[in-house]
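Written out below as structure tokens is the structure these notes cover.
Values in this text are rule-based calculations from the coordinates and carry no lab data. All values reported here derive from a predicted model rather than from experimental measurement. Positions of Cβ are generated from backbone atoms using ideal geometry, with glycine treated the same way; all protein chains shown enter the neighbour counts.
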Amino acid sequence: MKLWLARHATPLVDAGICYGRRDVAADAAATAECAQVLAQLLPAGIRVSHSPLGRCAQLAQALSERRPDLACTSDPRLQEMDFGAWEGRAWQDIGPAELQAWTDGFAHHTVGGTGESTMQVMARVASAFDELQGPGDALWITHAGVIRAAELIARGQRQITSANQWPINAPAYGQWCTLELA
């Protein structure tokens, strides 16, 4: 089976802002463009799940308008990491000590004091990943953090101990990648 991982289109938020779990909309034109291309590429009968955050729900809606044969299901496990008190702040305004504490304790540090740890994100993404059974491909419309976690899990890595294990790259806004799963 193939797991398609599509990232939402460009969010309508100022550059340099930590927005993680904040429910911000995505650029409508970019969302429509992404949906149009995906609608042409996706196989019939693909199972579609999406983050309930607006920017992903927008893409799921735009895709279903172009491909009414695809049923889209919201899955809260596909939400971006919760950055707690950092949400809505400029990255440059988050103190170096706060960022260093996250880097030093990357696996279990609660980001922004009230958010999630990387291992909490990994656990919820692994839960969704483990349900990818049955014939046919699946599409997740989601966020960069979830895509990175899914890539690790697909390689058999369910634990992370340091920041240098976390993938740096993710698809750009409105782009996707695929994982071949056994």
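How big is the gap, in Å, between the Cα center of the range 144-182 and the Cα center of the range 76-106? With the range 144-182 and the range 76-106 each reduced to a Cα centre, they are spaced 18 Å.
Amide H contacts of His50: Thr73, Ser74, Asp75, Ile141, each under 5 Å away and 5 or more positions distant or on a separate chain (H built 1.01 Å from N in the peptide plane; Pro and chain starts excluded). Near Val121: Cβ cut-off under 11 Å, other residues only, Lys/Arg at +1 and Asp/Glu at -1. The net charge is +1. Rg and Dmax over the alpha-carbon atoms of the range 86-144 stand at 15.4, 48 Å. Semi-axes of the equivalent ellipsoid for the range 114-164, computed as √(5λ) from the eigenvalues of its C-alpha gyration tensor and ordered from largest down, come to 21, 12, 10 Å. Each Cα pair under 8 Å and six or more residues apart adds its separation to the average, and for the range 2-180 the resulting relative contact order is 34 percent. Residues Trp86, Trp102, ranked from the fewest to the most other C-beta atoms within 10 Å, line up as Trp102, Trp86. Semi-axis lengths, largest first, of the ellipsoid equivalent to the range 94-182 are 26, 14, 11 Å, with √(5λ) applied to each eigenvalue of the Cα gyration tensor.
Each residue of the range 27-105 gets 132 Å³ once the volume of the Cα convex hull is shared out per residue. Using θ = phi - 60° in the Karplus curve 6.51 cos²θ - 1.76 cosθ + 1.60, the 3J(HN,Hα) couplings for the range 88-95 round to x, 8, 6, 3, 5, 8, 7, x Hz; x is entered for Gly and Pro.
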